[in-house]
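Asks: Take a look at this one; I'll ask things after.
The values are calculated or read from the model by the stated rules, or taken from the named source; none is laboratory data. For clarity, every value in this text was computed on a predicted model and none was experimentally measured. Here the Cβ positions follow ideal geometry from the backbone for every residue, glycine too, while neighbour counts run over all protein chains shown. Protein only, heavy atoms only, side chains kept; ligands, DNA and RNA dropped before computing areas. Shrake-Rupley method; radii C 1.70, N 1.55, O 1.52, S 1.80 Å.
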Amino acid sequence: MNLTYTLHDFWRQVRDVANMFFIAVLPAALFVMFGVTQGWSGESSGHGNVSAYLMVSMAAYGAVTATTSIAGSAAVERLQGWGRQLAMTPMGTGGYAATKVTVAVSVAVIPVIIVYLAGLLTNSMLDDLWRWFATAGIVVASSSVFALYGLAAGLLFRSDGAVSAASGLLVVLAFLGNVFMPLSGALLDFARFTPLYGIVGLARYPITEGWVVAVDGTAEQDSVWLLLANVGVWAAIFGATALIAARRATARR
């Protein structure tokens with residue numbers, strides 16, 4: 001039953017045209033606009049070129065949008081009684097949670113595949129084959145942190161509109177997290193404390209080895225421990241918020 005429901009829910013998510021546009025089509029379009037058509041996209045950047053650097057960034061943006069949206073929707077479904085209804089079936093609560101995690105990660109793979117295919121078919125270059133797989137794997141794995149973010153949003157505000165707003169807020173977080181364009185000075189210092197900075201920094205690490213080139217041309221290097229700490233702290237914050245929100249929702253019943 002778990003497998004059947006997982007496949008059903010996966011196809012339900014994929015058939016949602018509006019949602020899939022923001023998850024898969026928009027990141028690919030942004031990559032083509034800013035990572036392929038620009039004259040400087042072929043310039044060297046670490047163990048690849050600027051196009052590959054932006055390819056990873058856009059794939060990460062699409063992946064976190066997927067996990068945010070699906071986890072948030074799962075929280076709303078559960079609060080509205082659908083999860084409780086499924087818990088009365090042989091699948092149970094644990095099966096329902098496992099299904100949603102599987103679907104979220106599976107859908108997060110889609111924008112990564114599309115953006116990477118666009119990069120492969122255009123001008124993205126990486127020095128070694130393993131760097132393609134390493135960056136893609138880090139993007140998918142680390143995007144699970146934003147499943148906690150989506151879960152917290154859904155549990156706190158208990159509406160599909162709130163989940164959509166949380167997904168929309170990712171645009172701002174991506175800008176502040178040094179995803180869309182290089183930052184510098186105080187803004188770059190601030191970016192290191194934002195939730196997307198660590199995820200994207202880790203995903204780019206096989207290319208850049210932690211080097212960040214600011215918009216003014218200066219370069220700084222982030223240690224892998226700083227990036228891991230960023231991801232760990234934000235995972236704890238989102239997880240604690242989701243737990244508190246879940247307890248509040250249970251208490252109201």
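Asks: In whole Å, how far is the Cα centre of the stretch 1-37 from that of the stretch 165-231?
Replies: 24
Asks: OK, next. How large are Rg and Dmax for the chain when calculated on the C-alpha trace, in angstrom?
Replies: 18.5, 59
Asks: Based only on Cα atoms, what Rg/Rh ratio does the stretch 121-210 have, Rh being taken as Kirkwood's radius? Please list the in-between numbers first.
Replies: Numbers: Rg = 15.2 Å, Rh = 14.7 Å.
Radius of gyration over Kirkwood radius for the stretch 121-210 works out to 1.04.
Asks: Right, next: If you build a Gaussian network model of the chain, linking Cα atoms that sit under 10 Å apart, which residue out of 196, 129, 148 swings the most?
Replies: Judging by the Gaussian network model, the answer is 129.
Asks: Moving on. Report the full-extension gain for the segment residue 18 to residue 225: residue separation times 0.36 nm, less the Cα-Cα distance, to one decimal in nm. Spell out each step's value before the answer.
Replies: Working: separation 207, 0.36 × 207 = 74.52 nm, distance 3.73 nm.
Length gained between residue 18 and residue 225: 70.8 nm.
Asks: Would you kindly calculate the translational diffusion coefficient of the stretch 204-253, applying Stokes-Einstein with the Kirkwood radius from alpha carbon pairs, for 37 °C and a viscosity of 0.692 mPa s, and quote it in µm² s⁻¹ without decimals?
Replies: Answer from the Stokes-Einstein relation: 242 µm²/s.
Asks: With each pseudo-label sitting 7 Å past Cα toward Cβ, what's the residue 3-residue 160 distance in nm, one decimal?
Replies: 3.1
Asks: When only Cα pairs under 8 Å and 6 or more residues apart are kept, what is the percent relative contact order across the stretch 193-253?
Replies: It comes to 33 percent, rounded to a whole number.
Asks: Continuing with this model, one more query. Under the 0.36 nm per residue contour assumption, what length would be gained going from the current alpha-carbon distance of residue 29 and residue 123 to full extension?
Replies: Details: separation 94, 0.36 × 94 = 33.84 nm, distance 1.47 nm.
Here the segment from residue 29 to residue 123 would lengthen by 32.4 nm.
Asks: Ignoring ligands, DNA and RNA, what accessible area per residue does the chain give at 1.4 Å, in Å²?
Replies: Numbers: 11780 Å² over 253 residues.
It amounts to 47 Å² per residue over the chain.
Asks: First compute the accessible area of the chain with a 1.4 Å probe, then give the percent of it belonging to carbon and sulfur atoms. Walk me through the intermediate numbers first.
Replies: Working: 8350 of 11780 Å².
Here carbon and sulfur together make up 71 percent of the probe-accessible area.
Asks: Find the relative contact order for the chain and round it to a whole percent, using C-alpha pairs within less than 8 Å whose residues are 6+ positions apart.
Replies: Working: 390 pairs, mean separation 60.2, N = 253.
Here the relative contact order equals 24 percent.
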